[in-house]
Every structure is written in C-alpha cells, then in structure tokens.
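Undergrad: Got a structure for you, questions after.
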Amino acid sequence: MTLSFKFNELQSLLLQPVPPWLVVCSASQEGRPLRAHYDASGLLFREIEGRRARRLDDMFSEFAREFLFPDYFGRNWSAFDECMADLGWLSSNGYVLEMNDFSRFLELDSIERDTFLRTMASLAIEWSQGVSEGAEWDRPPVPFHTLLWVSDDELPGILGLLEGCAINVNDYAVLVS
C-alpha cells in the first residue's frame with residue numbers, strides 16, 4: 001500500500017531526514033507556497049523541468065546547472081552520484097528537488113528513469129545517515145527529498161513505475177489534497 005501525505009504533513013516531512021524520500025504530487029496541487037517555506041527553513045530548493053531533461057545527457061546538463069556541479073563532473077551515473085552525495089559547495093540544512101512535469105523527464109531514455117529514481121532514493125538514504133569519521137567532511141543527518149509533479153491522469157503510471165523499479169514502498173508516498 002502506498003503511503004500518502006497531506007500538504008501540511010509534507011512541509012514537516014521535508015525538514016526531517018526520514019522517508020519517504022520520493023513524493024509523487026498531483027499537478028493540480030502546484031502553486032502552493034512550498035518554496036517560501038523552504039527558504040524560511042534553510043532548505044535548498046532546486047527545480048528540474050521534465051521537458052528540458054528528456055534524454056540522459058540533457059538530464060546531466062540540467063542537474064549540473066541547477067546544483068552548480070564542479071567542472072570535473074564526468075556526465076555519467078557514477079559522477080552524478082558522487083556530486084549529488086557531496087554538494088559541499090551548496091551548504092544547506094537540507095535539500096528539496098522538485099521534478100516538474102516528471103512524465104516528460106527522461107521520456108526518451110525510460111530505462112535511465114528507473115536508474116534515476118533508484119539513485120535519488122539511495123542518495124536520500126545516504127544523506128539521512130550523516131557522516132562521522134572525524135574528518136572535515138563529517139556532517140549530521142540531512143534531509144534530502146524529491147518531489148515528482150505529475151498530472152492527475154499520470155499518477156497511476158508513475159506509481160507503477162516506482163513499484164516496477166524496485167523502490168521500497170516505504171521510500172515513496174503520494175501527496176493528497
């Protein structure tokens with residue numbers, strides 16, 4: 001059974017390094033004042049437009065631009081994972097990624113979309129665990145959540161996609177009205 005949250009619960013969730021890491025949101029709920037809430041809480045807010053990331057190479061370009069990846073970013077999954085797991089150049093109390101028009105995201109590379117979803121869930125878990133090795137990169141647990149905006153009629157398909165790419169049912173939820 002898929003978890004569900006109401007809008008006021010989502011705001012609280014985003015401040016905590018706890019699952020669900022991926023939240024599917026109906027486009028009919030867009031326009032709510034989430035960004036203002038993020039800014040006030042110290043969370044870093046980033047948006048990726050699905051229509052601008054229909055292919056894998058486009059996706060890497062969009063993330064590099066939005067998250068200010070270093071010049072050495074290698075434009076492959078390993079380099080993507082490494083950059084997203086660090087983000088030291090964007091010091092923040094937590095991270096929220098909004099994927100607008102998610103049905104268009106990697107629509108021309110659908111196998112890569114599965115990889116992306118698994119990677120984002122894995123990164124969120126990694127961020128939630130913190131680092132305590134007595135080194136300069138130590139950090140406390142940090143919230144890292146991804147919101148997947150879809151139209152109402154696309155909702156069942158996206159939920160099927162999440163189930164099909166073997167993401168733990170506790171790692172994703174649906175925002176309900």
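Undergrad: Here's a check for you: in the range 118-177, which residue that is touching a Gly at 6+ places or on another chain (Cβ under 7 Å) and not in a loop (DSSP other than H, G, I, E, B) is nearest to TRP89 (Cα to Cα)?
TA: Ranking the qualifying residues of the range 118-177, first place goes to ARG139.
Undergrad: What is the residue count in the range 73-93 for residues that are outside any loop (DSSP other than H, G, I, E, B) and either of a type outside the set (Asp, Glu) or in contact with a Lys or Arg (Cβ under 7 Å, 6 or more places away or on another chain) (or both)?
TA: Count: 10.
Undergrad: What residue, among those in the range 1-20 that are assigned to a loop (DSSP other than H, G, I, E, B) and in contact with a Leu (Cβ under 8 Å, 6 or more places away or on another chain), is surrounded by the most Cβ atoms within 10 Å (Cβ to Cβ)?
TA: The residue in question is PRO20.
Undergrad: Hey, could you check the range 153-175 for residues that are free of Cβ contacts under 8 Å to residues at least 12 places away in the same chain and among the acidic types (Asp, Glu) and say which is surrounded by the fewest Cβ atoms within 10 Å (Cβ to Cβ)?
TA: So, considering only residues that are free of Cβ contacts under 8 Å to residues at least 12 places away in the same chain and among the acidic types (Asp, Glu), the one surrounded by the fewest Cβ atoms within 10 Å (Cβ to Cβ) is ASP153.
Just so you know, all these numbers are worked out from the coordinates, no wet-lab data involved. Please read these numbers as outputs of a predicted model, since none were measured by experiment. Neighbour counts run over all protein chains shown; Cβ positions are idealised from the backbone, glycine included.
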